[in-house]
Amino acid sequence: MEDKIKSYLDEINGIAISTDEQAEQFRLKYLSKKGLITSLFDEFKTIAPEQRKTIGKILNELKQAAELKLSEAKSASQPTSAVSNAQLDLSLPSDPFNLGSRHPISIIRKQMTDIFTKIGFVVSEGPEIEDDWHNFGALNFPADHPARDMQDTFFVETEGDEKWLLRTHTSSVQVRVMENQKPPIRTISPGRVYRNETISARAHCQFHQVEGLYIDEGVSFADLKQTLYYFVQEMFGDKIEIRFRPSFFPFTEPSAEMDITCLICEGKGCPVCKHSGWVEILGCGMVHPNVLDNCKIDSKVYTGFAFGMGIERIAMLKFRVNDLRLFFENDMRFLSQFKSVI
Ligand code: DAH
């Protein structure tokens, strides 16, 4: 047995392992359950007791030599780091750092507020959860007005009698401003509003508006027209034309809606403007005397104009986006297209 062990030891010392496959073959031949060294240990159990000491010693040496050989082979075949040197090309440019960008609605909101603050309007804000008075009552909505209906307004469940709701327009902020400030008032109120609408390419249950309000002595419809004309020229360029159509809002008298030349077809007619060459962008009018009185502003001394427009509508025209839902889906393929716009 002693000779067998010595010859295996010579054999093992003479073996060179250079691949994983050779290492596995080595392990199977010598160290596995059915390997040669394991069978030597079985044989060892049968030898005479007086031989055990010497043979046990060299048998252990053989096993250790085999294990050492195998572990050296394994560590030689391991790559030194996760990326082996062959894969690492230090001359390659690094991955670009992905910069974020403003949301298109934020871009337009900022442009709109910049345009109005340039002519003396100040920005004011109000709560998105409103009471009935600020959203409807003070704005001269009759008690049975359809806009108060569950179909249009999201009401907030409360324990008391008072009705709370998600504001349906930013006109509620003009009430808060008039209640707290004395004329002259020149303010715009950008913000998010909510309506119980079916979501489609043209409507959403949440969107953004900018409300405008100007109250002073002697403010006229001519001031309103000029202010809005200035706004669209700044926003869309000098070539843009405007037209006013009579309309109705409970909080303004007279009321109007304003259209601008369709930017998609430049007034020639297309599906976006329903072949009329015009698109509606806002509602406006002279603040109703009842609204002034509701807010403790003397309607015999002061007059004012107000207007309200959707930021999404302006953004759609400006960026030629044909589906409103894109603004709310947070799809990076859409949002990353606005990177170059400041
Ligand atoms: N609040 C109206 C809406 O949400 C928009 C509006 C129309 C605001 C006329 C006004 C206005 O201030 O005078 O549709």
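What the table shows:
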{"quantity": "Residue match in the range 95-108 (condition: in contact with a Cys (Cβ under 9 Å, 6 or more places away or on another chain), open to solvent by less than 90 Å² (accessible area, probe 1.4 Å) and outside any loop (DSSP other than H, G, I, E, B))", "calculated": "no"}
{"quantity": "Residue in the range 177-187 that is β-branched (Val, Ile, Thr), in a strand (DSSP E or B), open to solvent by less than 60 Å² (accessible area, probe 1.4 Å) and within 16 Å of the ligand (Cβ to nearest atom) present", "calculated": "yes"}
{"quantity": "Tally, over the range 301-316, of residues that are buried (at least 21 other Cβ atoms within 10 Å of the Cβ) and part of a helix (DSSP H, G or I)", "calculated": "5"}
{"quantity": "Residues that are open to solvent by 60 Å² or more (accessible area, probe 1.4 Å), modelled with pLDDT under 85 and of a type outside the set (Val, Ile, Thr), drawn from the range 43-88", "calculated": "Lys74, Ser75, Ala76, Gln78, Pro79, Ala82, Asn85, Ala86, Gln87, Leu88"}
{"quantity": "Residue match in the range 28-35 (condition: at pLDDT 90 or above, closer than 18 Å to Ser71 by Cα and touching an Asp or Glu at 6+ places or on another chain (Cβ under 8 Å))", "calculated": "yes"}
{"quantity": "Enumeration of residues in the range 317-342 that are among the hydrophobic types (A, V, I, L, M, F, W, C) and either more than 20 Å from Ser189 (Cβ to Cβ) or assigned to a loop (DSSP other than H, G, I, E, B) (or both)", "calculated": "Leu317, Phe319, Val321, Leu324, Leu326, Phe328, Met332, Phe334, Leu335, Phe338, Val341, Ile342"}
{"quantity": "Among (1) more than 16 Å from the ligand (Cβ to nearest atom); (2) buried (at least 19 other Cβ atoms within 10 Å of the Cβ); (3) farther than 24 Å from Pro104 by Cβ - the single one Cys273 does not satisfy", "calculated": "(3)"}
{"quantity": "Residue ID - nearest to Arg313 (Cα to Cα), chosen from residues in the range 241-284 that are in a strand (DSSP E or B) and of a type in the set (Gly, Ala, Ser)", "calculated": "Gly283"}
{"quantity": "Filtered residue count, the range 207-233, keeping only those that are away from the ligand (no atom under 14 Å from the Cβ), under 33 Å from the mean Cα position of the chain (by Cα) and farther than 23 Å from Leu324 by Cα", "calculated": "3"}
{"quantity": "For Trp133: the one exception among (1) of a type outside the set (S, T, N, Q); (2) more than 14 Å from the ligand (Cβ to nearest atom); (3) assigned to a loop (DSSP other than H, G, I, E, B)", "calculated": "(3)"}
{"quantity": "Unique match (being in a loop (DSSP other than H, G, I, E, B) and within 12 Å of the ligand (Cβ to nearest atom)) among His204, His169", "calculated": "His169"}
{"quantity": "Residue that is nearest to Trp133 (Cα to Cα) [pool: residues in the range 241-270 that are among the aliphatic types (A, V, I, L, M) and within 12 Å of the ligand (Cβ to nearest atom)]", "calculated": "Ala256"}
{"quantity": "Test result for Asn290, away from the ligand (no atom under 13 Å from the Cβ), surrounded by fewer than 21 Cβ atoms within 10 Å (Cβ to Cβ) and not in a loop (DSSP other than H, G, I, E, B)", "calculated": "yes"}
{"quantity": "Meets criteria (more than 13 Å from the ligand (Cβ to nearest atom) and open to solvent by 50 Å² or more (accessible area, probe 1.4 Å)) for Asp298", "calculated": "yes"}
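The values are calculated or read from the model by the stated rules, or taken from the named source; none is laboratory data. Fair warning: this is a prediction, and the values are worked out from it, not measured in the lab. Neighbour counts are summed over all protein chains in view; Cβ atoms, including those assigned to glycine, are modelled from backbone coordinates with ideal geometry. Just the protein is used for accessible areas: all its heavy atoms, side chains included, with ligands, DNA and RNA removed. Shrake-Rupley method; radii C 1.70, N 1.55, O 1.52, S 1.80 Å.
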